1. Name every residue in the stretch 240-269 that is within 20 Å of I29 (Cβ to Cβ) and either touching a residue at least 12 places away in the same chain (Cβ under 8 Å) or surrounded by 21 or more Cβ atoms within 10 Å (Cβ to Cβ) (or both), in order of residue number.
2. Of everything in the stretch 272-285, what is surrounded by fewer than 21 Cβ atoms within 10 Å (Cβ to Cβ) and either hydrophobic (A, V, I, L, M, F, W, C) or in the same structural domain as V147 (by TED's automatic domain parsing) (or both)? Give them in sequence order.
3. Restricting to the stretch 274-287, name every residue that is over 9 Å from the mean Cα position of the chain (by Cα) and in contact (Cβ under 8 Å) with a residue 24 or more places away in the chain.
4. Pick out the one residue from L294, L288 that is within 21 Å of F141 (Cα to Cα), buried (at least 19 other Cβ atoms within 10 Å of the Cβ), at pLDDT below 90 and among the aliphatic types (A, V, I, L, M).
5. Any residue that is surrounded by 14 or more Cβ atoms within 10 Å (Cβ to Cβ) and within 17 Å of the chain's Cα centre (by Cα) - is there at least one of those in the stretch 86-100?
6. Looking at this structure, is T21 within 27 Å of N153 (Cβ to Cβ), at pLDDT 95 or above and crowded, with 21+ Cβ neighbours inside 10 Å?
7. Of the conditions (1) surrounded by 20 or more Cβ atoms within 10 Å (Cβ to Cβ); (2) more than 24 Å from the chain's Cα centre (by Cα); (3) in a helix (DSSP H, G or I), P10 satisfies every one except a single condition; which number is it?
Amino acid sequence: MKIDLNRKIPGPQLRNLAFVTVISIFFLIVLGGIVRVTESGLGCPDWPLCHGEIIPPYKFETLIEYSHRVAASLVAILVFAMLVLVWIKYRCERLLLCLVLTGFILVVAQAGLGGITVLTELAGNLVTIHLGLAQVLLALFTLVLFVIIYGPNFGAGVFNKHKWLLMATMAGVFALLLSGSYTTTTGASGACDQWPFCQSGSLLINSKLPVVHMIHRIIALVAGVLIAASLQLVWKTRKGDSKLCLVGVMLGFALIMQIVVGAATVLLNLPGELKILHLVIATLMWWLTVIMLLLLSFYDQNPRIIGKPDTR
């Protein structure tokens, strides 16, 4: 592996800022799920103000939606701060600068999309796109964190050898997230009251909403098989790597929990707490899949020393 000795190694300030940003995006997605499950999306019917005010009136739905907007503003501030820091101190790191700049542009687009979603009274397709873009941001800034820690060069071994499986797994989990959101926004969540079949133990379905629901389950099955295949790859190539092993175990456990929670959500008639947990685990699965792919991508590299000044 070729090591760039002229690289200006980012210090702990940028690394910590990137870490806080990633965690904040994850919790922003969770909070967005709470907004959707509690049907609080129109708790603030206007945008960017809430009921025409900066500080909204005290109502349950309003507070939930307003909290989501405050969290989104915090993420935007963190991303902007990261962009400024990278530009001032590390703009010679072209990949890092491009990634953070792209992230900032996507955050601005996400804010605009959120406003449009509210003003169109939560159009289903826009809600799904809004969630998808949030998941892309989570993956992007996780990549930023890896580039800060490990450098701009990707490892060539494990990832390149099995890239189709790994990319298919990532695409499968992402499709699972989008199909789950679409199932919810179209009102298809309750179209099937049995599990694993749709209704009364039958595979036959004759209307749109049950079809939408069952397509989501089929995507979940495909994604589960791909995750299992990727975890088998991790097991074969771990070579004592504790981080890779930990991520693999967590992803496997999250997959099992998601199956159990998904089944329970249907069989117990869609309780709100389980619907929120279902989204949280789905987002965690996506995040862990991204981390697993990145660990395998950087697998052939030795971690850089973070937090020491450049010695050029």
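1. Correct list: V247, M250, L251, A254, L255, M257, Q258, V261, G262, T265.
2. L274, I276, L277, V280, I281, L284
3. The answer is K275, I276, H278, L279, V280, I281.
4. Unique residue meeting the criteria: L294.
5. yes
6. Answer is yes for this residue.
7. Unmet condition: (3).
Okay, residues lined up against (1) modelled with pLDDT of 90 or more; (2) under 17 Å from V266 (Cα atoms):
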residue: V127; (1), (2): no, no
residue: N153; (1), (2): no, no
residue: L178; (1), (2): yes, no
residue: S181; (1), (2): no, yes
residue: G190; (1), (2): no, yes
residue: Q194; (1), (2): no, yes
residue: G201; (1), (2): no, yes
residue: L209; (1), (2): no, yes
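The values are calculated or read from the model by the stated rules, or taken from the named source; none is laboratory data. All of these numbers come straight from a predicted model, not from anything done at the bench. When we count neighbours, we look across all protein chains shown, and the Cβ atoms used for this are built from the backbone with ideal geometry, even at glycine.
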